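The structure appears right after this line, and notes come after that.
Bear in mind that the values in this text are calculations on the coordinates, not laboratory data. As the structure is a prediction and not an experimental result, all values here were calculated from the model. Cβ sites come from the backbone with ideal geometry, for glycine too, and all protein chains shown count toward neighbours.
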Amino acid sequence: MRIILYTGKGGVGKTTTAAATALRAARRGLRTIVLSTDAAHSLGDSFDVTLGAEPTPIATDLWGQEIDVLVEMERHWGTIHGWLMALLHSQGSSDLVASEVAILPGMDELAGLLNIIHHAESSNYDLCVVDCAPTADTLKLLSFPEMARWYMQRVFPIERRAMSIVRPVLRPFVDIPLPTDQVFDAVQKLFEQLRQMREILVDPERSSVRLVVNPEKMVVKEALRTYTYLNLYGYFTDLVICNRVLPKEATTGYFVTWKEVQERNLELIRGSFAPLPIYNVPLMEQDVVGLEMLERVGEALFDDKDPAAFQFRGVHQAVTEESDGTYLLTLPLPFIHKEEVNLIRAGDELVVQAGHFRRNMFLPRLLAAREVTEAKMEEDRLVLRFPPPEPARVSAPSSRKDRRRPEGKG
Ligand SMILES: Nc1ncnc2c1ncn2[C@@H]1O[C@H](COP(=O)(O)OP(=O)(O)OP(=O)(O)O)[C@@H](O)[C@H]1O
Ligand SMILES: [Mg+2]
């Protein structure tokens, strides 16, 4: 089963373009399921049908699913959550534990995403299109199994083996509800499922992410950050979709300036995401609701291309981590000599200029806090070196993990 994830800033058109992609793929005969994990569902509104928590038929070869995150949370997280709650109650003022629990925001969406494993195993579908929450926060979360483990170790301070000896002795004396075997099993099962899901989603033969943007500077900036994060965590991006581009017909009078602003931002998008392909969707004359409008969006988006195919297959920007905590940012720069490369750094913005090539990058916080100590060409790639900031080199491993916690928006 092929999996395509749509993400982007709030309101840019993720649901619309995900729905249009799914519909177009189904029209070409692919058995397609489109699902959303956002608690405020709008997938059904987009198709103008009522969708359930289980796959609901929409058209020939097309099913939609609005996952009930609360039910999924209960299913995947319930036992653990139950124990945490008991712990909270037993502790009275337990702000500390409460904040620990809050370390895993996005756990609800993650539980919803576990449906992907289910669909992948069922072989009912050829394609699964996922309408993700903004900025791929959940994907970041998924890429932190070590972070999740660290969290769990703080919540479960005693090793399981020690536990089975200690529990019968301790139980009568302490008022802390000790985690039962059931709780440990639930944790283990959850980790295993998350590991499985990550394996599926980082498999570049099966899965890809598509970034949806509008030709607006702030939107592009956030998408660039998300893009770098996706690279950092090993997800493969195959397309940028630029939605709500003013059509030629709308370039007179009041909209002349808007058109110019959009042109500039389209240039920024092209310069920033190269060599990824960028497909445009025009601003329609009305909002996109129902199959007919979605078909128009799908046609504008893919023309005669296969919407389920990988739209890009080459090497693009990569972020890797070395054993000493240094990050390497690699950019493909074919036909460029080292002497031509110029780096301009202003805060979280990094501009790479080489001949006619100009690449704007908005660094994620993780990299923005660091200096570039070296830039070198390796064959046709530019490699930038971001070593850890000085104090962090001598700090304890636990504080490094602190730093690497997934962040909020971008
Ligand atoms: N190209 C377009 N032309 C006209 N209207 C559009 C276009 N794309 C999206 N819309 C409309 O804009 C609104 C928001 O789109 P959509 O729900 O797809 O965004 P979203 O990124 O999924 O938002 P959210 O972050 O809230 O989930 C919808 O009413 C949709 O019909
Ligand atoms: Mg949406």
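Mind listing the phi-derived Karplus ³J(HN,Hα) values for segment 250-267, rounded to whole Hz, using 6.51, -1.76 and 1.60 with θ = phi - 60°, and x for any glycine or proline?
Per residue, the Karplus-derived 3J(HN,Hα) values read 9, 10, 9, x, 3, 8, 4, 5, 4, 4, 5, 4, 4, 4, 4, 6, 5, 5 Hz.
Which pairs break 24 Å Cα to Cα here: Lys14/Lys305; Lys217/Lys305; Lys14/Lys217; Lys217/Lys259; Lys217/Lys338?
Among Lys14/Lys305; Lys217/Lys305; Lys14/Lys217; Lys217/Lys259; Lys217/Lys338, the Cα-Cα distance tops 24 Å for Lys217/Lys305; Lys217/Lys338.
Taking the number of other C-beta atoms within 10 Å as the exposure measure, put Ser207, Ser46, Ser123, Ser323 in order starting with the fewest.
With the sparsest Cβ surroundings first, the list reads Ser323, Ser123, Ser207, Ser46.
So if we plug the beta-carbon distance of Glu216 and Thr180 into 1/(1 + (r/R0)^6) with R0 = 45 Å, what FRET efficiency do we get, rounded to 0.05?
It comes out at approximately 0.30.
How much net charge surrounds Thr15 when only other residues with a Cβ under 14 Å from its Cβ are counted (Lys, Arg +1; Asp, Glu -1)?
Every neighbour counted, the sum reads -2.
Say R0 is 22 Å: what FRET efficiency, to the nearest 0.05, do Val315 and Glu205 get from their beta-carbon distance?
Calculated transfer efficiency: 0.90.
Net charge near Asp238: determine it from the other residues with C-beta under 9 Å of the C-beta of Asp238, scoring Lys and Arg +1 and Asp and Glu -1.
Net charge around Asp238: +2.
Any idea how far apart Met377 and Ala346 come out in nm if each label point goes 7 Å out from Cα toward Cβ?
2.7 nm
Using a 7 Å offset from the Cα along the Cα-to-Cβ direction at both Arg28 and Met284, what is the distance between the two label points in nm, to one decimal?
2.0 nm
What spacing in nm lies between the two simple spin-label points modelled at Gln196 and Asp306, each 7 Å away from Cα in the Cβ direction?
So the label points at Gln196 and Asp306 sit 2.8 nm apart.
Which net charge results when you count Lys and Arg as +1 and Asp and Glu as -1 among the other residues whose beta-carbon is under 9 Å from that of Ala53?
Once all neighbours under 9 Å are counted, the net charge is -4.
Can you compute 3J(HN,Hα) from phi for each residue in segment 2-19, using the Karplus curve 6.51 cos²θ - 1.76 cosθ + 1.60 with θ = phi - 60°, rounded to whole Hz and x for Gly and Pro?
For segment 2-19, the Karplus-derived couplings read 7, 10, 10, 9, 9, 9, x, 4, x, x, 6, x, 4, 4, 4, 6, 5, 5 Hz, x marking Gly and Pro.
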